[in-house]
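Input: a single structure, listed below in structure tokens.
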Amino acid sequence: MAGAFLSTLAALLVCLLAWRLSDRVVAPSLSRKVIYFGPACGHVAYTLGFVSTLLDDEAIVSAVRSERAVFGGTSSGAFVAAYASASLRGVRDMRWWYTHGMRRGYEAVEHGSTLAMEGALLNLSRAFHRDAHRLTDGAPWMLPIGATDLLLRPRFLLLSAPDDVTLPRGLESLPVLTPSDAAAELFSQAITASSYVPGLMGLSPWRRVRPHHARQTNLVQPAPPRRYCVAPHCFAPAIS
């Protein structure tokens, strides 16, 4: 018990120090508009409801599609972005994703401790991936997410990208939409890395995205990137 408390306290102190010393992250240019959701913590249900209302508006949906805008996010915002991408393409809707997805994560913590969150995040992302192959129907799908490496440097991961997108140097598109166990594991590790806080959400010291990639963890959330519109505060300019 004492060890878990000390590790949690150490992780929180590292987060606070890095937050005080860091500036905004300059996000990579993806040649299209990105509607980016930041960390929401316990308020993620509000964010999901906000996005659900937006996607019920035909004018907004039409603008998003015509601009070929994509959703992205950090931490719980990465889950919101994934759910929004699915809902935009008619793969269930935001209410379903909350009830059968995100809500299950809350329930895991309610019946245990915050250390249960690591397993809950992996299970949520694997469950989402079971519908991922349907996301390729219609508009091309792309999901940029943010994480932090072991040296507290911000990293961006691009989960899938259409062929017509020219990626900036150093940014690789991770193939996550194929219906395979390897793709499901890659997707779940990447999404979990965006949220994971060692010692608070689980006992693992980091989350590895894949063996030959840099170890991705989330000791501190990256600040909202400069080049992206951070929803909900500037959603309208992102599609105007």
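The values are calculated or read from the model by the stated rules, or taken from the named source; none is laboratory data. The structure presented is a predicted model; accordingly, all values stated were derived computationally and were not measured. In this analysis, Cβ positions are derived from the backbone assuming ideal geometry, glycine residues included, and neighbour counts consider all displayed protein chains.
Given the structure, is ARG65 farther than 20 Å from ARG126 by Cβ and at pLDDT 90 or above? Step through it out loud before you land on a result.
Numbers: farther than 20 Å from ARG126 by Cβ: yes; at pLDDT 90 or above: no.
Here the answer is no, as ARG65 does not meet what is asked.
Residue-wise test of (1) among the β-branched types (Val, Ile, Thr); (2) farther than 26 Å from ARG104 by Cα.
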{"position": "HIS43", "(1), (2)": "no, no"}
{"position": "THR47", "(1), (2)": "yes, no"}
{"position": "VAL51", "(1), (2)": "yes, no"}
{"position": "LEU55", "(1), (2)": "no, no"}
{"position": "ALA63", "(1), (2)": "no, yes"}
{"position": "PHE71", "(1), (2)": "no, no"}
{"position": "ALA81", "(1), (2)": "no, no"}
{"position": "SER85", "(1), (2)": "no, no"}
{"position": "GLY90", "(1), (2)": "no, no"}
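Give the residue that is modelled with the lowest pLDDT, with candidates limited to residues of the range 167-200 that are touching a helix residue (DSSP H, G or I) at 6+ places or on another chain (Cβ under 6 Å) and among the β-branched types (Val, Ile, Thr).
Of everything passing the filter in the range 167-200, VAL176 is modelled with the lowest pLDDT.
Is it the case that the range 53-71 has a residue that's among the acidic types (Asp, Glu), assigned to a helix (DSSP H, G or I) and farther than 23 Å from ALA184 by Cβ?
Looking for residues that are among the acidic types (Asp, Glu), assigned to a helix (DSSP H, G or I) and farther than 23 Å from ALA184 by Cβ, one finds at least one in the range 53-71, hence yes.
Would you confirm whether or not the range 165-185 contains a residue that is within 16 Å of LEU143 (Cβ to Cβ), among the polar types (S, T, N, Q) and surrounded by 21 or more Cβ atoms within 10 Å (Cβ to Cβ)?
Taking every residue of the range 165-185 in turn, none turns out to be within 16 Å of LEU143 (Cβ to Cβ), among the polar types (S, T, N, Q) and surrounded by 21 or more Cβ atoms within 10 Å (Cβ to Cβ).
Here is a list: ALA223, ALA238. Which entry is in contact with a strand residue (DSSP E or B) (Cβ under 6 Å, 6 or more places away or on another chain), modelled with pLDDT under 70 and closer than 30 Å to ILE60 by Cα?
On the way: ALA223 fails: in contact with a strand residue (DSSP E or B) (Cβ under 6 Å, 6 or more places away or on another chain).
Going through ALA223, ALA238 in turn, just one is in contact with a strand residue (DSSP E or B) (Cβ under 6 Å, 6 or more places away or on another chain), modelled with pLDDT under 70 and closer than 30 Å to ILE60 by Cα: ALA238.
Going through the range 80-114 one residue at a time, which ones are within 20 Å of MET201 (Cα to Cα) and out of contact with any helix residue (DSSP H, G or I) (no Cβ under 7 Å at 6 or more places or on another chain)?
Scanning the range 80-114 gives ARG103, TYR106, GLU107, GLU110, HIS111, GLY112, SER113, THR114.
Rundown of residues vs (1) surrounded by fewer than 16 Cβ atoms within 10 Å (Cβ to Cβ); (2) of a type in the set (D, E, K, R); (3) outside any loop (DSSP other than H, G, I, E, B); (4) under 15 Å from the mean Cα position of the chain (by Cα), yes/no style:
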{"position": "ALA78", "(1), (2), (3), (4)": "no, no, yes, yes"}
{"position": "ARG103", "(1), (2), (3), (4)": "yes, yes, yes, no"}
{"position": "GLU107", "(1), (2), (3), (4)": "yes, yes, yes, no"}
{"position": "PHE128", "(1), (2), (3), (4)": "no, no, yes, yes"}
{"position": "TRP141", "(1), (2), (3), (4)": "no, no, no, yes"}
{"position": "ALA147", "(1), (2), (3), (4)": "no, no, yes, yes"}
{"position": "PHE156", "(1), (2), (3), (4)": "no, no, yes, yes"}
